[in-house]
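Peer 1: My questions all concern the structure below.
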Ligand SMILES: *Cc1c(COP(=O)(O)O)cnc(C)c1O
C-alpha cells in the first residue's frame, strides 16, 4: 500500500490541555464495585487525602472538596468570599480570566478587568495603578489566573502578593491553579495566596469531576462576614466536617476518591519538586522544537518570553491557517489528538483555524513528548507547512541534557 495509510492503531495519545492522560494506576483504582459510604475504607481514606492535597498545594490551611469541574471550584471560591455588590479586580491574560470574571458578575459582584490581551503576562505597574487608585479599598479580591490555559501564559503570582503588601492593600489574593496544579511550581503559603482553586483533571490526572478550594485564615475571616453563603457551596463544613457526608454536601464521589488516592500516591512517590522539574524539562524540549519550526516562518509560539510560558500547556498558531488541518491530520492518521485554540479568534472568523494547543500536563514522559513532537512534524510535512529543520534534534538534546 502507498499513499494515505492510517497509522492510528495502537494506543491513542490525547495531548490536549485537560482532561489529561489518565495513568493505568488511576483507572485500575477506579475499576471496582460501589463501596459502602457509611463506614469502612472510603471514610478512613479522607484524612490522608486532604493531607496529601494540602501537601501538594504547599499549604497548612483548609481544603474543601466539591463534586464539580473547575467552573464549580471557581464558583465555590467566589460564593464564600464575595458578596453581591462587592468589587473584584481581574488582571486578564486570556480567556479563563474573563470566564472567572463572568462568573463573579453572575453572582452579583462588580468586576474591574485589566485586559493584557491574549499574548502578554500581567504588567505589574498597571495593576499597581488600579490598586493605588482604590483608596477606599473597594476591591475585595484579585482573581489571579496563574496559568491561563487559552494563551498558555504563566503569571507572576508571588510578584502580585509583593505588590499587594507594598501598597498595603487588603484584597484577598485568589489564584486559579486549575491548569498549573501539579505541573508548574506553586507554593500557596510561601507565596501568600489566600485562596487556591483547582480541579482534578489536569495535573492531577483523574477524570473530570472533583474540584478543590484551599483557603487560609484571611479568607476564612472574610467568609465569616458574608451575609449568606449557599448551603451547597459553603466551605466551612467541607473543610472541617463532623460527619462524612459534609465533606461533599451529600453522597461522596466514591470512585473519584479512589482515583485521586492513586494519583496522589504517584505524585508523592515521585516527589512534587521532581514533578515540577519534569514538567519544566519536558516543556523546554517542546519549546526548543517549536522555536526551530518557527524559523520556517509559519508556526509561531503565542508567548514570546520563556519566563512567562506555562510548563503545562503551549498555545501555537500556523499563519497559513492550517492549525485545524494539522489537528485533524495527527488525530486521523496517527491517533494523536492536539488541543483546539481557545479564545484566540471570534467564532466565524477564519483565523480560528490557525490556532492549536499542546497539553503537556500530568502523566507525561520523555518518550511521549518525543512522540508528540515527531507526530506534529510529520503533520507539518504532510500539509506542506514550511518549518525549520532540526527541531526534533533540538528537543532530544534538551531531554538528553
Ligand atoms: C480547565 C480550566 C478551567 C475550567 O475548568 P473546567 O473543569 O473545564 O470547568 C478554568 N481555569 C483554568 C486555568 C483551566 O485550565
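Laboratory data are not the source of any read-out in this text; all were calculated from the coordinates shown. It should be emphasised that the depicted structure is a prediction, and the values quoted were computed from it without experimental measurement. Every residue, glycine among them, receives a Cβ derived from its backbone with ideal geometry; neighbour counts consider all protein chains shown.
Peer 1: Sort 333, 132 by Cβ crowding within 10 Å, fewest neighbours at the top.
Peer 2: Details: 333 17, 132 11.
Fewest-to-most ranking of 333, 132: 132, 333.
Peer 1: Averaging sequence separations of C-alpha pairs under 8 Å and six or more residues apart, then dividing by the length of the chain, give the relative contact order as a whole percent.
Peer 2: Numbers: 817 pairs, mean separation 93.6, N = 401.
Once divided by the residue count of the chain, the mean separation gives 23 percent.
Peer 1: So what is the relative contact order of segment 160-274, in percent, for Cα pairs below 8 Å that sit 6 or more residues apart? Mind dumping the intermediate values first?
Peer 2: Numbers: 112 pairs, mean separation 23.2, N = 115.
That works out to 20 percent.
Peer 1: Next question, about the same structure. What's log10 of I(q)/I(0) for segment 26-269 at q = 0.11, 0.14 Å⁻¹, Debye sum over Cα points only, no solvent?
Peer 2: Treating every Cα as an identical point scatterer, log10 I(q)/I(0) equals -0.55, -0.87.
Peer 1: Just to confirm the number: angle between the C-alpha axis of helix 157-167 and the first principal axis of the chain, 0 to 90 degrees, nearest 10?
Peer 2: Rounded to the nearest ten degrees, it is 40.
Peer 1: Which of 238, 284, 138, 105 comes first, and how do the rest follow, when ranked by fewest Cβ neighbours within 10 Å?
Peer 2: Values: 238 23, 284 18, 138 15, 105 11.
In increasing order of surrounding Cβ atoms, one gets 105, 138, 284, 238.
Peer 1: Could I ask something else about it? Let me have the relative contact order for segment 223-318, percent, based on Cα pairs under 8 Å that are six or more residues apart.
Peer 2: 15
Peer 1: Round to a whole angstrom and tell me the spacing of the C-alpha centers of segment 99-172 and segment 50-91.
Peer 2: 16
Peer 1: Also, I was wondering about something else. Determine the equivalent ellipsoid of segment 1-90 by diagonalising the alpha-carbon gyration tensor, then write out the semi-axes as square roots of 5 times the eigenvalues, largest first, rounded to whole Å. Let's see the in-between values first.
Peer 2: Working: eigenvalues 263, 129, 33 Å².
Semi-axis lengths for segment 1-90 are 36, 25, 13 Å.
Peer 1: Additional query: Sort 292, 37 so that the residue with the fewest other Cβ atoms within 10 Å of its own Cβ comes first and the one with the most comes last.
Peer 2: Working: 292 20, 37 14.
In increasing order of surrounding Cβ atoms, one gets 37, 292.
Peer 1: For residue 368 and residue 44 in the same chain, what is the full-extension length gain: residue separation times 0.36 nm, less their Cα-Cα distance, in nm? Provide the component values of the computation, followed by the final result.
Peer 2: Working: separation 324, 0.36 × 324 = 116.64 nm, distance 3.60 nm.
Answer, rounded to one decimal: 113.0 nm.
Peer 1: While we're looking at this one, here's another question. Using r as the Cβ-Cβ distance of residue 382 and residue 71, and R0 as 41 Å, what FRET efficiency do you calculate, to the nearest 0.05? The partial results should precede the final answer.
Peer 2: On the way: r = 37 Å, r/R0 = 0.90.
In this case the efficiency is close to 0.65.
Peer 1: Between segment 312-380 and segment 180-237, what's the alpha-carbon centroid distance in Å?
Peer 2: 30
Peer 1: Using Cα atoms only, what is the angle between the long axis of helix 124-133 and the major principal axis of the chain, expressed in degrees (0 to 90) to the nearest 10?
Peer 2: The helix 124-133 is inclined about 30 degrees to the chain.
Peer 1: Angle, helix 70-79 long axis vs. longest principal axis of the chain, Cα atoms, 0 to 90°, nearest 10?
Peer 2: Tilt relative to the chain: about 30 degrees.
Peer 1: Determine the gain in length on full extension of the stretch residue 36-residue 166; use 0.36 nm per residue of separation and subtract their C-alpha separation, reporting nm with one decimal. Don't jump to the answer; show the numbers that get you there.
Peer 2: Numbers: separation 130, 0.36 × 130 = 46.80 nm, distance 5.15 nm.
Full extension of this stretch gives 41.7 nm more.
Peer 1: So if each residue of separation counts as 0.36 nm, and I subtract the Cα-Cα distance between residue 132 and residue 113, what length gain in nm does that give?
Peer 2: Numbers: separation 19, 0.36 × 19 = 6.84 nm, distance 1.52 nm.
The residue 132-residue 113 span can extend by a further 5.3 nm.
Peer 1: Let me ask another. Per the helix-only calculation at 222 nm, which mean residue ellipticity applies to the chain, given -39500 (n - 2.57) for every DSSP H run of n ≥ 4 and division by its residues, nearest 500 deg cm²/dmol? Display every interim value, and only then the final one.
Peer 2: Values: 13 runs with 154 residues, N = 401.
After summing the helix terms and dividing by residue count, I get -12000 deg cm²/dmol.
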